[in-house]
Amino acid sequence: MDEQLGQGQFLGLPESGDGGAHVAVLSLPYELTTSYGQGTENGPAACIEASAQVETYDPLLGGELPAGFQIQTVKAWDGEGGTLKAQLAGIEEYCRRWMDGSCFPLILGGEHGSLPAEMRALAGHPALTGDSAGGLAGLTLVQIDAHADLRDELDGEPFSHACAARRALDEGVGRLLQVGVRAFSREEAAFIAEDERVTTWFARDLLSPCAGEIHWNGLLDELAAIEGPVWLTLDVDGLDGSLVPATGTPVPGGLAFWQAVEVIEALFAAPDAQVLGADVVEIVPGVESPLTQFTAAMLATKIVAAHLARRIRLEVEA
């Protein structure tokens, strides 16, 4: 990997050496189909800046990041392309070089419409292309999100951010597990009910005062039972709007911060799952408060720590 390091280092860590990155932090300042609040193109840089204020100690590691590993902050995607199709092709090319299995890619975005391009780039990952692998059909996509993102189009655009999960399924993703959804159309409700590839854990059930604990434990059990390759896509509006007030479409009634952390930790602890990478998207820098980008930076840090803790555990067991 010879990509030049970007401006600002994730977590404020020193630049990695030449030995190859164990974790690559990628930035997608992508914003072309936002339908409400604006500013996602500035989200990745704001998240990286905020990450310098995040504590590097994580209990999963029992120590501080980078925990003996190299975390490389890659120069941001250049944003070139005069059309939506050209920009998505550029995103695919930008991501592909980091999805060859040599490192763990963590993508910061940018609107969620980048997801199908990420999936196209991921399709060449060794874990999906071996003789016994099933390609993207063998992938479980875990989506933390306020929105189902299962519309076939929005305002005539099939690659809108509101269609991200639907287009990922069209790319061949075999299973979609959604967490925290609470804003969806009648069309999406029907799709969830009818498509056997989709399992949705609605926020209303997970956070119910009466039955929430039962549903929450059911979700954790399902995460623990995942087998095979996984990609985690975390739209920050999956959290309650009070935690991410600047994101494009903040929605009340979402996950608490520690619930999002528990989902991340449960996913990486699943004994038969292999998390190939993750994205944290719909980051919009706040003007009056840095809470949104700081929350995103903390979740991104937790993903890195959970990945490295699992890697350490597997190396010890081997």
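No value in this document is a laboratory result; all are computed from the given coordinates. Because the structure is a prediction, the values reported are computed rather than measured. All Cβ positions, even for glycine, are placed from backbone atoms using ideal geometry, and neighbour counts span all protein chains on display.
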For the chain, modelled as a GNM with alpha-carbon contacts under 10 angstrom, which of A146, A67, A86 fluctuates the most?
A86
Which three numbers, in whole Å and largest first, are the semi-axes of the equivalent ellipsoid of segment 246-288 derived from its Cα gyration tensor as √(5λ)?
26, 14, 8
Enumerate the amide H contacts of G63 below 5 Å, restricted to partners 5 or more residues apart or on another chain; note that Pro and chain-start residues carry no placed amide H.
D58
Within segment 142-200, report the GluC sites (Glu not before Pro) that DSSP leaves as loop and that have at most 10 other Cβ atoms within 10 Å.
E196
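For segment 214-295, what is the Kirkwood estimate of the hydrodynamic radius, computed as the reciprocal of the mean inverse distance between distinct Cα atoms, to one decimal in Å?
Values: mean 1/r = 0.0733 Å⁻¹.
About 13.6 Å, per the Kirkwood formula over Cα pairs.
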Restricting to bridges with both residues inside the chain, how much of the DSSP beta-bridge set is antiparallel, in percent to the nearest 5?
10
Equivalent ellipsoid, segment 61-196 (semi-axes from 5 times Cα gyration tensor eigenvalues, Å):
26, 19, 17
With runs of 4+ DSSP H residues as the only contributors, calculate the mean residue ellipticity of the chain at 222 nm using -39,500 (n - 2.57) per run, divided by the residue total and rounded to the nearest 500.
-10000 deg cm²/dmol
List the residues, sorted by chain then number, that are 5 or more residues from T140 or on another chain and whose placed amide H is less than 5 Å from its amide H.
V230, W231
Picking from G286, G43, G212, which is most flexible by a Gaussian network model of the chain using Cα springs under 10 Å?
G212
Given springs between every Cα pair under 10 Å in a Gaussian network model of the chain, which of D155, D145, D195 has the largest fluctuation?
D155
If you average over every viewing direction, what projected area does the convex hull of the Cα atoms of the chain give, in nm²?
15.8
